[in-house]
Amino acid sequence: MTGGWPRWEVFLRARRGLSHGHVGSVHAADGETALQAARDLFTRRQEGISIWVVPSGQVVASDPADQDSLFEPADDKGFRFPTSFELPSEVDQM
Amino acid sequence: MTTEQEQRFDDLIAADERIEPDDWMPDEYRQTLIRQIAQHAHSEIIGMQPEGVWITRAPSLHRKSILIAKVQDEAGHGLYLYGAAESLGVARQELLDRLHTRRQKYSSIFNYETPTWADVGAIGWLVDGAAIANQVPLCRCSYGPYGRAMVRICKEESFHQRQGFQILLRLVEGTEAQKQMAQDALNRWWWPSIMMFGPPDSQSTHNARNMAWGIKRFTNDELRQGFIDMTVPQAELLGLTIPDPDLRWNEERGHYDYGEPDWDEFARMVRGEGEVPEQRLRVRREAHENGAWVRDAAAAYAAKHAVAA
Amino acid sequence: MNGTSGLLAHVLRQGDRALVLAQRLGEWVAHAPELEEDMAVANLSLDLLGQARHLYSYAGELEGQGHEEDYFAYWRSADQFGNPLLVEQPNGDFAHTMVRQLLHDHAALLYWESMTVSTDSRLAALAVRASNETRFHLRHSHGWVVRLGDGTEESHRRTQNALTALWPYAEELVTCPDDDELRETGQVGPPFADAWRTAVAETLAEATLIIPDGAVPITGGWSGTHTEHLVPLLDELQSVARAHPGASW
């Protein structure tokens, strides 16, 4: 029967002040055992203080084919960056 | 005529940029990587056996702890690598099937037995040493998930080599019987370790393309020479004799000259002939088959208690 | 039996419990039902081995004969070991190992938690780490016994069989009469047999398993009377060390 347990993506908060980052995946039948597996696999050297596991199938990802329409339009809106505003030097620390 | 996709892939490779799972890639690149990453993963988990058999007999509690941690790391490395392979669109289950039916291989270095405690030291010093030499360049592999898995593995691997060397250091500082055990292990592991880098460049078939694709960064002979140059002084520190009468420093080349490995034996080991390879695979098949009812139970429980989305 | 030798015997019994169980778990590495479980059993084994080492080191100090941790592990014979009989039982299948682990972990957690307030500061300090480790172990073994008990028909049958086979050895985990003196000085906490039975019953109920009726407890481990399994286990554990007396590793 076994096609193997489903895959879970693992996210780890390395330490207080940082957000969770993706570190890899485990196979488990449910969330609780996925959490335990992730703890054993990814935190043996004190690499993290908080674990999230998400079923891989639940991740909604952007389609690489859409890269242009999703990310190019931001290209010509430099006014979102402070460096595009020249100000007199007396007030330039803004 | 290259398509836009092929051009984009070529541009990324040429710029030494990383290819990620959702990028278009030539099918041959994908298949080459699946095979290479999977065989690397298989090597890690098969590699758990020759050392794992010494966990119950490790001669001090400290060594026992270290060995359990090392073998646990190897299972972990297998898991990181299967994860990287899966990102290329293949299931772990399928890869395990290919291992169990010999359609995919593992490093033939693990087809040697470990008859003494000193073999645990020799494996750490030489086999992990050679693996590190192979693996450091892979941290810059063009395929993102593989490179990242390798960075993780390399960080963990360095203690593996150090613990092996330390085992041997204690042996050569110990009783006559311990010293002899260490020399005997070196006699048996030296040649297989330098053959881990694969056949000489003149005989190797895949080098050119894999190097162009950023999957392989150095040739077999380059890696082998580097490993020998690094290891000879380490053997001298141990006061052990490397079993190669042709080994000598070549001032002109600035490297050690070394004797010709027995490539016939290597070929036999790669073919997986004999009792030991059969035993290695049997352990994996049995673990998998005996574990089926366990995996089924966990799946059944999860289905019964599934939380509605 | 004066205070120190009572404490010494207690510390050694706990060290022996941890070492023998660590040894059994070490046999699973590379044979577990899935790679994630190879990681898990290695974690259990490593933690228990660490506890054994701390306990044996302390025992060496209490004994005052210059013995270190390896002496107690490699140079005593089976009749000098005081581990409970449960932990020397062979692994059997995965259900057998997990039931053994569950029965052990409930007792070990109660033990270590009670020891965090021991009047013996060494044991109290060790108990903090050991409690954390054991809490995770119990989470794992509880999870497995529930999933195997309430999984498939086959897993249920195997797990019930394991429970029936191991239950006679379970009682010994929570009864050690030699500890009574140490309770008076607060070096060992109050008995927790009832708490153990309640906790175990909860897990087993969730796992849809039935506690065997009328099982006759098999004991003797605490006083050095062991089953046939301990001698071969120690022979293997001690083989290399004993082949080279006086050697360092």
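Each value in this text was obtained by applying a stated rule to the coordinates, not by laboratory testing. The shown structure was predicted, so the numbers you read here are calculated from the model rather than taken from an experiment. All Cβ positions, even for glycine, are placed from backbone atoms using ideal geometry, and neighbour counts span all protein chains on display.
Region B:55-123: which GluC sites (Glu not before Pro) are DSSP loop and have at most 15 other beta-carbon atoms within 10 angstrom?
B:GLU113
Would you mind telling me the antiparallel percentage of the DSSP bridges in the protein assembly as shown, rounded to 5?
Roughly 95 percent of the DSSP beta bridges within the protein assembly as shown come out antiparallel.
With Kirkwood's inverse mean 1/r over C-alpha pairs for Rh, give me the Rg to Rh ratio of the protein assembly as shown, two decimals please.
1.01
Pick from C:TYR58, C:TYR169, C:TYR74: which is most flexible by mean-square fluctuation in a GNM of chain C where alpha carbon atoms under 10 Å apart are linked?
Comparing C:TYR58, C:TYR169, C:TYR74 in a Gaussian network model of chain C, the most mobile one is C:TYR74.
Build a GNM of chain B with springs between Cα atoms under 10 Å: which of B:ILE153, B:ILE242, B:ILE123 gets the top mean-square fluctuation?
B:ILE242
Would you calculate the separation in nanometres between label points at A:VAL59 and B:LEU247, each defined as 7 Å from the Cα along the Cα-to-beta-carbon direction?
4.5
When chain C is treated as a GNM, springs tying every alpha-carbon pair under 10 Å, which of C:ALA22, C:ALA32, C:ALA73 comes out with the largest mean-square fluctuation?
Highest fluctuation of the listed residues: C:ALA32.
What is the distance in Å between the Cα centroid of region B:177-223 and that of region B:237-267?
Spelled out, the Cα-based centre of one part sits 12 Å from the other.
Which distance in nm do the two modelled labels at B:ASP97 and B:ALA303 give, with both placed 7 Å along the Cα-to-Cβ direction?
1.9
So how many Å³ per residue does the convex hull of the Cα atoms of chain A work out to?
Cα convex hull per residue, to the nearest whole number: 149 Å³.
Using only the Cα atoms of region B:1-125, what do you get for the radius of gyration and for Dmax, in Å?
Every Cα atom of region B:1-125 included, Rg and Dmax give 18.7, 65 Å.
Could you give me the radius of gyration and the Dmax of region A:7-61, taking only the C-alpha atoms into account and expressing both in angstrom?
10.6, 31
Over region B:208-309, with a single point scatterer placed on each C-alpha, what log10 of the ratio I(q)/I(0) does the Debye formula yield at q = 0.12 1/Å?
After summing over all Cα pairs, the log10 values are -0.76.
Could you compute how fast region C:6-243 diffuses translationally, taking Rh as the Kirkwood radius over C-alpha pairs and applying Stokes-Einstein at 4 °C with viscosity 1.567 mPa s? Give it in µm² per second.
Diffusion coefficient, whole number: 72 µm²/s.
Beyond 30 Å, how much of the Cα-Cα pair distribution for chain B remains, as a whole percent?
Value for chain B: 38 percent of Cα pairs lie more than 30 Å apart.
Helix-only mean residue ellipticity at 222 nm, chain C, DSSP H runs n ≥ 4 weighted -39,500 (n - 2.57), per residue, nearest 500. What is it?
-22000 deg cm²/dmol
Normalised by the residues of chain C, what does the relative contact order come to in percent, with Cα pairs under 8 Å and at least six apart?
Result for chain C is 26 percent.
As I understand it, the dipole of the protein assembly as shown uses +1 on the Cβ of Lys and Arg and -1 on the Cβ of Asp and Glu, about the Cα centre. Which of B:GLN225, B:SER60, C:ILE218 lies farthest toward its positive end?
Checking the options against the dipole of the protein assembly as shown, the answer is C:ILE218.
Any idea what diffusion coefficient region C:117-158 gets from Stokes-Einstein, in µm²/s, Kirkwood Rh on alpha carbon pairs, 10 °C, 1.306 mPa s?
Translational diffusion coefficient: 130 µm²/s.
Taking the Cα centre of each part, how many Å lie between region B:55-91 and region C:70-100?
24
At 7 Å along the Cα-to-beta-carbon direction for both B:GLU176 and A:GLN67, put a label point, then send me their distance in nm to one decimal.
The modelled label-to-label distance comes out at 6.9 nm.
Which of the pairs B:LYS70/B:LYS304; B:LYS70/B:LYS179; B:LYS64/B:LYS304; B:LYS155/B:LYS216 have their Cα atoms more than 30 Å apart in this structure?
Listed pairs above 30 Å: B:LYS70/B:LYS304; B:LYS64/B:LYS304.
For chain B, what does the relative contact order come out to in percent, with C-alpha contacts under 8 Å and a separation of six or more?
Contact order relative to length: 18 percent.
Report the relative contact order of chain A, percent, no decimals, based on alpha-carbon pairs under 8 angstrom and at least 6 residues apart.
Answer for chain A is 26 percent.
Using only the alpha carbons of region C:156-212, determine the length spanned along each of the three principal axes and report them from longest to shortest in whole angstroms.
Principal extents (Cα only, largest first): 45, 19, 13 Å.
Could you pull the Cα extents of region C:81-141 along its three principal axes, largest to smallest, in whole Å?
Result for region C:81-141: principal-axis Cα extents of 39, 28, 12 Å.
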